[in-house]
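Any read-out appearing in this document is the output of simple, stated calculations on the displayed coordinates, not a laboratory observation. Since we're looking at a predicted model, the values are computed, not measured. As a convention, Cβ positions derive from the backbone with ideal geometry for all residues, glycine included, and neighbour counts pool all protein chains shown.
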Amino acid sequence: MGGDGGSIPKRIELVRSRQKPEQVAKEAELAARWRHCQLSQELLNRPIVACHLGRMYNKTAALEFLLDREKYGTSGAFEHIRSLRDLRELKLADNPEGQEKAASSSAAGAGAAAASAASPFACPLSGVEMNGRFRFVFPWSCGCALAEKAVDQLLKSAPNRQSLACPSCQQPDAMSDLIVLNPATDAEVAAASEAMVARKRKLRQESKSNKSSKSAAAAPAAAKRKQQPAESASASSTGSKIARPSGSSIQNNPKASAALKSLLTSSKEAKAQDKAHWVTFNPGYFR
Ligand SMILES: [Zn+2]
């Protein structure tokens, strides 16, 4: 700094030149993307999902969009979201500083305050704030949002990145398919959509080969996979605020087979039976 006698300030240090208005608008728009659902334009709140192109949405808005594609009056920008399979729920780590700052800024007022406030989310590895100033990526297989720098560092030391597990949740082979969150340049968007085409083709082939091998071994594996989201939801609800959807009973799941449903104590048969449950006391019976 000049003016303290230690150095002679130059003009450029004293005269603050104004930023070009379009540059300011662009930066504000980029910052807003990290805070708002791209569909509803509301503030992002857990549960948050991301698409193949790395855009972020509130899960409720995304579900509404899947039910009614005209709801948000979009002009084909979300054509690539055809079903729930095109969305991945993001696992976002809390930014400890963000909670306090967000609370104080909401009292002060929205707009500029919200833009300058700390992000509620951060990288679980490096603690870097998710405010748009740093690039973030997530593995498609698990959805953990990680700072790209932290991931780069990890990959540098790993000889075989294809088989690397997610450093946050230990999901195996996660690092082979990373998606950039909120790609800023056209080239990044183009790369993301290219990767999306390849990913969808791969998933389609995988599901085809799964279907063709209709073995008995496939059934328990499928049931296990269905239980996983419920487990992770209940586990994380203790630590964070992810609420489990009310209608998530396997009895209401149209994809679950009748045989699987009848095995559970929540089934119609188990509730209607007039003798004590065969494994243990069944509280559902006396309801
Ligand atoms: Zn993960």
For this session: Using +1 at the Cβ of each Lys and Arg and -1 at the Cβ of each Asp and Glu in region 21-205, identify which of His80, Gly54, Ala118 lies farthest towards the dipole's positive end.
Result: His80
Seminar exercise, completed: With R₀ set to 22 angstrom, the calculated FRET efficiency between the beta-carbons of Lys20 and Thr185, to the nearest 0.05, is 0.75
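Dividing the alpha-carbon radius of gyration of region 21-205 by 2.2 N^0.38 Å (N being the number of residues), what value is obtained? Intermediate results must be reported in sequence, preceding the final value.
On the way: Rg = 16.6 Å, N = 185, 2.2 N^0.38 = 16.0 Å.
So the Cα radius of gyration is 1.04 times the expected 2.2 N^0.38 Å.
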Problem set entry | Label point distance in nm, Ile12-Asn45, each placed 7 Å from Cα along Cα→Cβ | 4.7 nm
Problem set entry | Phe136 long-range amide H proximity, modeled H, under 5 Å | Glu148, Leu181
Exercise. Roughly how many whole Å is it from the C-alpha centroid of region 1-77 to that of region 145-206?
Worked result: 22 Å
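State to the nearest 20 debye the size of the charge dipole of region 21-205 about its Cα centre, where the only charges are +1 on K and R beta carbons and -1 on D and E beta carbons. Before the final figure, lay out the partial values.
Working: 23 positive and 21 negative charges, 120 e Å.
With only Lys, Arg, Asp and Glu charged at Cβ, the dipole is about 580 debye.
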Exercise. If the cut-off is 17 Å between C-alpha atoms, which aspartates and glutamates fall inside it for Lys156, apart from same-chain ones fewer than 8 positions away?
Worked result: Glu148, Asp173, Asp177
Exercise. What are the GluC sites (Glu not before Pro) within region 1-55 that DSSP puts in a loop, where the Cβ has at most 14 other Cβ atoms within 10 Å?
Worked result: Glu42
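R0 = 45 Å: FRET efficiency of Arg69 with Ser262, Cβ-based, nearest 0.05? Before the final figure, lay out each step's value.
Working: r = 36 Å, r/R0 = 0.80.
Given R0 = 45 Å and the Cβ-Cβ separation, E is 0.80.
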Seminar exercise, completed: Over region 13-96, the quotient of the Cα radius of gyration and 2.2 N^0.38 Å is 1.37
Problem set entry | Chain lengthening between Ala158 and Glu206 when straightened (0.36 nm per residue, less Cα-Cα) | 14.6 nm
